[in-house]
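Worksheet: the structure to be examined is printed underneath.
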Amino acid sequence: MTHKSSPYSAATALAQALGAHDHESQGVVPAIHIATTYIRGADNSYPTGNVYSRADNPSYKPVEALLCELEQGHEALLFSSGMAAATAVFQGLQPGDHVLAPQVMYWALRNWLLNYATRWGLVIDLIDMTDVSAVERHIRPGETKLVWLETPGNPLWTISDIAAIAQVAKAAGAWVAVDSTCATPLLTQPLKLGADIVMHSATKYLNGHSDVIAGALVSADDSEFWQRIRAVRSQGGAVPSPHDASTLLRGMRTMHLRVREACTNAQFIAEQLSQHPAVLAVLYPGLASDPGHSVAKQQMHGGFGGMLSIRMRAGEQAAIHVAAHTKLWKRATSLGGVESLIEHRASVEGPSSPCPADLLRLSAGIEDKDELLADLLQAFPS
Ligand code: PLP
């Protein structure tokens, strides 16, 4: 599938799913294709290009086309989870390849890199990706094959300068892949900034309703590396069900509205709590005082995301107390849904995590911002 640019804005492209509908019935919503296999033509060919649903399913196509449009890529592929999408990128590398990845990143992927990718023969260096000079120091020209970024980086919301790092990586012959889950395709377009691949946990903002696990990759071009990644998916079969792909498309149709509200709520809560004496620090790139703010201002458009973290001055027990006493903020893992979530991350991430014990991760939903703030404040220990 080669991407063709739409003349419309992201809002129109999303609301209309690029005009996708069911051509057979003229239904305004594309059909769900449940077949696992497809009939050959009399000439022995597959007339629709579909062979077997582990590799191809027409239900993925409208979602992939929409993502490709939003990210301005060459091709998008859906996966069964964000982790399946991310790990497919690393499985597209060769044993012995050197990889740079951030110290601050989605913890399960960091653990997978250290525990599984290393067994595969990849050489992984976790570095400070907020510092372009650290990338310059650690990159090994000819040996480093991939620089993995996550910006904003979960759960400290650190910002990496995609354009500057892509320049360093390109000069050394390395590919750049960006986990842009928390930036969403609406706030940042990594391919335009020089990245080769962008990854999303579609479980989060793309779907937005906490009822589908899915992932996606979008590539800037049809490189040999991308072809290997495509083969990892079709041979390994880490694809979503057609029903999940359809639910995901429905969720994406309101993403622009949800992301806008989540950004407004997160910015408001960050500003309010940064004044509060019980709060040691608010980690949010939308605050002028945040160390990532100036880079975020350049590469994020329309908001700084719906994710923020707060550090409680009274320490770990105070943080756990807050998470236990909110009513609107649901005490659950994950992020990017319409409902606000709160989580004591150190309890989840374990001792290898850079996450301080006094930190609460907040996923701002789309509820009323004053009610969200009041709910947090009433949960603060007296
Ligand atoms: N990347 C980020 C930034 C995440 O927050 C997550 C999940 O929380 C993932 C990747 C993994 O996505 P999934 O849970 O869909 O496998």
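The values are calculated or read from the model by the stated rules, or taken from the named source; none is laboratory data. Since this is a predicted model, take the numbers as computed values, not measurements. Cβ atoms come from the backbone with ideal geometry, glycine included; neighbour counts cover every protein chain shown. Note: areas computed on protein heavy atoms with side chains; ligands, DNA, RNA excluded. Shrake-Rupley method; radii C 1.70, N 1.55, O 1.52, S 1.80 Å.
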Any idea what % of Cα-Cα pairs in the chain are farther than 37 Å?
20
Provide, as a two-decimal number, the C-alpha radius of gyration of region 246-292 over 2.2 N^0.38 Å, N being how many residues it has.
1.54
10 Å binning of all Cα-Cα separations within region 3-132, expressed as whole percents from 0 upward
10, 27, 28, 23, 11, 1
Expressed as a fraction of 2.2 N^0.38 Å, the rule-of-thumb size for a compact globular protein of N residues, what is the C-alpha radius of gyration of region 255-379?
0.99
Provide the gained length on full extension for the span Ala15 to Asp222, in nm with one decimal, where the gain is 0.36 nm per separating residue minus the Cα-Cα distance.
71.7 nm
Take every DSSP beta bridge whose two residues both sit in the chain, then give the antiparallel share in percent to the nearest 5.
60
In the chain, how many lysine pairs have Cα atoms under 28 Å apart, counting only pairs 8 or more places apart or on different chains?
19
State the percentage of accessible surface on region 239-378 attributable to carbon and sulfur atoms; use a 1.4 Å probe and exclude ligands, DNA and RNA.
55
What value, in deg cm²/dmol to 500, does the helix sum -39500 (n - 2.57) over DSSP H runs of n ≥ 4 give at 222 nm once divided by the residues of the chain?
-9500 deg cm²/dmol
Enclosed volume per residue, in Å³, of the convex hull spanned by Cα atoms of region 106-256:
124
Surface/4 estimate of mean projected area, convex hull on alpha-carbon atoms of region 18-81, nm²
5.6
Here FRET efficiency (C-beta to C-beta, Gln298 to Tyr52, R₀ 41 Å, nearest 0.05) is 0.40
What translational D, rounded to a whole number of µm²/s, comes out for region 219-269 from Stokes-Einstein when the hydrodynamic radius is the Kirkwood one over Cα pairs, at 4 °C and 1.567 mPa s?
92
Accessible surface, the chain, averaged per residue in Å² (probe 1.4 Å)
41
What are the extents of the Cα atoms of region 141-192 along their three principal axes, listed from largest to smallest and rounded to whole Å?
31, 22, 14
With 5 Å bins from zero, work out the P(r) of region 93-134 over every alpha carbon pair and list the percent per bin.
6, 25, 30, 21, 15, 4
Ile127 to His23: FRET efficiency via 1/(1 + (r/R0)^6), r the Cβ-Cβ distance, R0 51 Å, to the nearest 0.05?
0.55
